[in-house]
Amino acid sequence: MLRLLIAALVNLFLVVVAALRAPFRLLGRRRRPPYIRFLLKGDPPYRQPLQRRWPWRRERQVPGQVTSLHLLDEALDALAADPAVKGVVVQVEALEMPAGKRAWVAERLAAFRARGKEVVGTAVSAGNAEYALLCATDRIALPRAGRLELAGFLVEATAAGRAFEQLGIRPEFVRRGEHKTAPELFIRAEVSPNQRAALEQFLEERHQELVEAVTRGRRLTSEEARARVDQGPYSAVRARALGLVDIIADDVELPAALGLEADEERALAGTAGIGTFHEWERSHRLPHVRWMPWRRPVRLAVVPVSGMIAQAPSGAPPVGPTIAGSETLVAGLRAAARDRTSPAAVVYVNSPGGSALASELVLAEVRRLTARKPVIVYVDRVAASGGYMIALGAREIWASPGSILGSIGVFAGKFDLSELLSRVGVHREVLTRGDHAGLLTSARPLSTGERDALEAEVEEVYTRFVELVSEHRHLEPDAVRARGEGRVYTAARAREAGLVDTLGSFEAACARAFQLAGQAPRRFELHPFGLPRRRLPLLSLLRNALSPAVYALWWPAWTAPGLRGSEDFGLAGE
């Protein structure tokens, strides 16, 4: 009842404001722009989470910039129904979106084109990710000074074992899984065949995806598209000559190239037929009013697990990857379980793993949450090792195409600094009570008994990991071991191996969560739980790092940029 009263008062206020502004709107009403420009930059979230703000408030932002993929989809749907709109101009800039998001945007652009509208893609400098998305458009435009940085993919694998030896540092690690390559950075002098084979396979799959995008978008044969990728990068002029670009024009010249008004003054003022979605809304005789709904939209609980898993609060330290802390995640999952307004939940996982203990603590809470309401785990980039362990507690595991999963394995160890300390004139004597009290001291190497104890602990944790996968994925332990040993999989191969249930978009995963709850709402909003703090004290992380721990971790050095925070989902901490 209280919400109905508040909604009535707010909507009455909006009616009054619209009526007072109507005469000024009619006097200043602009002609409807035939093309609408959208700026895709960085990594916009799928949806904006629930935010408490007044309906008439607008956030300051770059004109035309996409703030969420859901709003982009709604805008494209509205524009497709307007016969006065010829198409859209999609400008891409410094994209950081994972492959799954780019594929989803490409699908929405294809649906827009199927309704008789044109999509023009533009960029100033387009790399592999930008160009793969531009290939989903009808025409591609670059300025004369623009660049097409189409040059394939590169991975630099590092083995620093010899450097540690020269420094007098002796890494002592125990692992389970011959494909568990995380500690190899410290112990090997050269890249191992297993690590090389895994990276080669990932490179080949990424390269093939790019070739297929160029093949479809530019109407080339597979051999021609592969040759174009192999011969890059290109200037804009060379790219057009080879059929990779259609138009040479900057943002001022683009209206004329599209057959719109060629008046340079209007083009410089940004009024030459290409406008923003906000300008398109303002061009209507009747204003578009964002009414406050009488009933609150259905909520979907979402808990982001983004970053390295540790026994700590979640947050971003001054240096290094973002921490997905078990303290914050456990509290967030319990709050989501208590929340009666959310009939279902999505756990968004983007983590290479971390502390095995912290991972299992979070897994226990995911299982408790699943016992109270349907839970879907959605993997957008990576759910490896401890990150995959957490995913096991959900009703179903969904993954976007191109994401990475698996790495079922564990390791533990320490760095023996005794030789380094001796070189610099430092003497450290270790005094203990208890045969294994000095297990993780850096002042001396492992004794035979300590190594045996560490081997036993790592074996126990690995056996537990295999048991969890066997229980939740309904596989025999031997089958899990055959898929484990630290092996990593792309989403498609993970589904074939039975480690993933479905490949799909985030929106489809949300719809599935509601379906499991027996609902099918037309509108819903995200209700986030367990958001990280913006800053995490470095001292607390060092304190946790120095404590005994076994790690379920995959070290994806070549995907590290995607692990820097939870901005990829739009759930930044408070």
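Which three semi-axes in whole Å describe the equivalent ellipsoid of region 341-388, each the square root of 5 times a Cα gyration tensor eigenvalue, listed largest first? Taking √(5λ) for each Cα gyration eigenvalue gives 20, 14, 6 Å.
Please compute the net charge surrounding ASP246, taking Lys and Arg as +1 and Asp and Glu as -1 over other residues with Cβ under 10 Å from its Cβ. Cβ neighbours under 10 Å give a net charge of +2.
Heavy-atom accessible area for ILE248, with the other protein chains in place and a 1.4 Å probe, reaches approximately 30 Å². Over region 405-544, the ratio between the Cα radius of gyration and 2.2 N^0.38 Å evaluates to 1.60. Working note: Cα atoms of region 74-171, range along each principal axis, descending, whole Å: 72, 31, 16. Here r is the Cβ-Cβ distance between ALA145 and ARG196 and R0 is 30 Å; the resulting FRET efficiency, rounded to 0.05, is 0.15. Dimensions of region 408-479 along the principal axes, based on C-alpha atoms and rounded to the nearest Å, stand at 56, 25, 16, largest first.
Every Cα-Cα pair of region 294-419 was included, and the share exceeding 26 Å stands at 22 percent. For region 333-434, applying the loop criterion from DSSP together with a ceiling of 10 other beta carbons within 10 Å to the GluC sites (Glu not before Pro) yields GLU429.
Using C-alpha pairs under 8 Å with a sequence gap of at least 6, the mean separation divided by the residue count of region 416-538 gives a relative contact order of 12 percent.
Within region 205-242, the trypsin sites (Lys or Arg not before Pro) that combine a DSSP coil assignment with at most 15 other C-beta atoms in a 10 angstrom radius are ARG219.
Surface calculation, 1.4 Å probe, protein heavy atoms: ASP452 sits at approximately 90 Å² accessible.
Binning the C-alpha pair distances of region 387-444 at 5 Å intervals from 0 yields a P(r) profile of 4, 13, 15, 13, 9, 7, 8, 10, 10, 7, 5, 0 %, listed from the shortest bin outward. Among the chymotrypsin sites (Phe, Trp or Tyr not before Pro) in region 111-214, those placed in a DSSP loop whose Cβ has at most 16 other Cβ atoms within 10 Å are PHE153. Across region 463-507, Cα pairs under 8 Å and at least six residues apart give a relative contact order of 26 percent. What separates the Cα centres of region 308-369 and region 374-398 is a distance of 11 Å.
The values are calculated or read from the model by the stated rules, or taken from the named source; none is laboratory data. Since the model is a prediction, treat every value here as computed from it, not as a measurement. Reconstructed Cβ throughout: ideal geometry from the backbone, glycine too, with neighbour counts over all protein chains shown. Please note that ligands, DNA and RNA were not included when accessible areas were found on the heavy atoms of the full protein model with its side chains. Shrake-Rupley method; radii C 1.70, N 1.55, O 1.52, S 1.80 Å.
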